[in-house]
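The values are calculated or read from the model by the stated rules, or taken from the named source; none is laboratory data. Note that the structure is predicted; figures quoted are calculated from it, not measured. A quick note on method: Cβ atoms are made from the backbone with ideal geometry, for glycine too, and the neighbour counts reach across all protein chains shown. Side chains included, ligands, DNA and RNA excluded: accessible areas come from the protein's heavy atoms. Shrake-Rupley method; radii C 1.70, N 1.55, O 1.52, S 1.80 Å.
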Amino acid sequence: MPPAANSSASDLPLLDLAAASRAVQKKEVSPVELTSACLERIERLNPKLNAFITVTGETAMEEARRSETEIARGEWKGPLHGIPLAVKDLIETAGVKTTAASAVLKDNVPAADAEVIRRLKSAGAILLGKLNLHEFAYGGSGIIGHFGAARNPWNTAHVTGGSSSGSAAAVAACLCYGAIGTDTAGSIRLPAACCGITGLKPTYGLVSTRGVIPLSWSLDHVGPMARTAADAALMLQAIAAFDPLDIYCQKFPPVYYPGAIEEKTTALRLGVARDFWNDVDEEIKLAVDSAVAAIGKITAGVQQVELSTHADRTLVRCEPYAYHQKYLPQQESDYDPETLRRIRSGADVSAIQYIQAYHDLLQQRRQIMRLFEDVDLVLTPTTPTLAPSMAELQAAPGELRGKELVMLRNTRPFNVYGLPSISLNCGFSKSGLPIGLQISGAPGTEGAVLALAHTYQKESAWHRKLPDL
């Protein structure tokens, strides 16, 4: 159970973001105390978890002291002011290394912040550092990277899921109050499920991707990873805004997400896409079925819907190949061989195939709207399998990609459709590994997605359980 705001300093990182924010606003605790406590916890636990690639302790403490002074003067900027967060090391940070967990960029220091970083800083957030990931975000396991793999706080012999591996591990282990991840085929939601946290992939184009090293421009999303839906809403409020300099960003009607999560869910019509239950681990089925039954009682009910798990991978093969031409062939030896193999797999995609795949993507994003004539939200298991052990994946490297694609099967279609989709914890396996429930909605319905997740979390206690570290 997370502690009260007046607990000892060592317990402060165990607060969720919303509770820490209230304590800061009321001046019950200072940003300096929160930041110092997080840095001490990182120093103690990161050698075990490898969640951070770079820790910016000195600048974080400077930001914390500045925030403390501002708040003391009555210049509180909002819920993220003075709150220590961390970001995936795929997101450019001025003056701080941005490596994409690759030797290719091991010395890369950007001159400017990504737009999402600029918005976090504007909201007063304190950045603790850069988080580990699967190299160049090209994988669902999280085990490939120049700085080693992040480890699952629930069982360090198991993977975190990827590619936002360090982001999920850091949030689950209470090293920070929230993190920013990216999601191209499930890279926020899969690690959120594996690590028992809440991870939101927003609608395509809601959050700027400018300054984020791309995997696939057509499918990339940036979003919050936190302990609760309420925390994710606070983070989304800070980062969701139209960026005219980002050609992929779209304008949406303004929503106040921390207020939207309090909306009643009793009128929501839910759909269950049974294709997403095929070949799912029995323990996952039991936990998700139980969650669906509980959610059915706080909504207008659940009905079956038709939604396929199939998603074409032409774009996510071709677009990384195009992007990495700036580094190939001069730096081929700096890539992990498996990452290089995946990048090169896009070499044989013809212009005709690419154009057809992009046309199909746009068509699918139009056609999916028919689904939401009958339902408001769709429920599925986040992933068909529990987090595998590192030993299992490392024992058969030739099978790694196939196993990753299975892990990403239930998340990938929602990137194709560009829909808002959240994963939250709905139980644990007998072995103690977390299980994820996925809630998805129509474009721009983050408010409803978050509201249902928040209501479920108020009715359950899975998200309150913390790993024993």
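At a glance:
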| item | result |
| --- | --- |
| q = 0.10, 0.17 Å⁻¹: log10 I(q)/I(0) that the Debye formula gives for the stretch 328-450, counting C-alpha atoms only | -0.49, -1.08 |
| Formal net charge of residues neighbouring Q353 (Cβ-Cβ distance under 11 Å; K, R +1; D, E -1) | -2 |
| Cα pair distances in the stretch 102-260, grouped into 10 Å bins until the bin that holds the longest one, percent each | 12, 42, 38, 9, 0 |
| Stretch gain in nm, segment H359-E75, where the contour uses 0.36 nm per residue and the Cα spacing is subtracted | 97.4 nm |
| 13 Å reach of a label modelled at D281, 7 Å along Cα-to-Cβ, counting backbone N of the stretch 427-469 | 427-437 |
| Label-to-label distance, nm, for residues given as R274 and S8 (7 Å Cα→Cβ offset) | 5.4 |
| Tensor-based shape of the stretch 12-102 (alpha-carbon gyration tensor, a/c under 1.5 rounded, otherwise prolate or oblate) | prolate |
| Given charges at beta-carbon only (K, R positive; D, E negative), |dipole| of the chain in Debye | 340 |
| Between the stretch 402-416 and the stretch 326-401, the alpha-carbon center distance in angstrom | 7 |
| Largest to smallest accessible area among R341, R409 [probe 1.4 Å] | R341, R409 |
| DSSP bridge pairs, the chain: antiparallel proportion in percent, nearest 5 | 70 |
| 5 angstrom amide H check on V272, placed H, neighbours 5+ away | Q303, Q304, V305, L379 |
| Inter-site label distance for R44 and S431 at 7 Å from Cα along Cβ, in nm | 2.8 |
| Proximal lysines relative to K48, as straight alpha-carbon distance under 26 Å, when same-chain residues fewer than 8 apart are discounted | K88, K97, K106, K130, K403, K430, K465 |
| Three-way shape call for the stretch 1-155 based on the alpha-carbon gyration tensor, with the a/c threshold at 1.5 | oblate |
| Whole-Å semi-axes of the ellipsoid equivalent to the chain (Cα gyration tensor, √5λ, descending) | 30, 27, 22 |
| Relative contact order computed over the stretch 230-337 (Cα-Cα under 8 Å; 6+ residues apart), in percent | 25 |
| Nonlocal amide H pairs with H221, under 5 Å, H built at 1.01 Å | D183, T184 |
| 17 Å Cα-Cα reach of K77 towards lysines, excluding residues that sit fewer than 8 places from it in its own chain | K26, K27, K121 |
| Sum of side-chain charges, V378 neighbourhood, beta-carbon under 14 Å (Lys, Arg +1; Asp, Glu -1) | 0 |
| Eligible aspartates and glutamates near K251 by straight Cα distance, threshold 15 Å, same-chain separation 8 or greater | D243, E446 |
| Stretch gain in nm, segment A395-L328, where the contour uses 0.36 nm per residue and the Cα spacing is subtracted | 21.2 nm |
| Probe 1.4 Å, accessible area per residue of the stretch 269-367, Å² | 56 |
| FRET efficiency, D289 to A347 (Cβ-Cβ, R0 45 Å, nearest 0.05) | 0.55 |
| Per-residue SASA entry for W217, accessible area with 1.4 Å probe, Å² rounded to 10 | 80 |
| Contact order normalised by residue count of the chain, Cα under 8 Å, 6+ apart, percent | 17 |
| Inter-probe distance in nm under a simple model that places probes 7 Å from Cα toward Cβ, at W217 and L405 | 2.6 |
| Cut-off 10 Å between beta-carbons: net charge of the residues surrounding L469, Lys and Arg +1, Asp and Glu -1 | +2 |
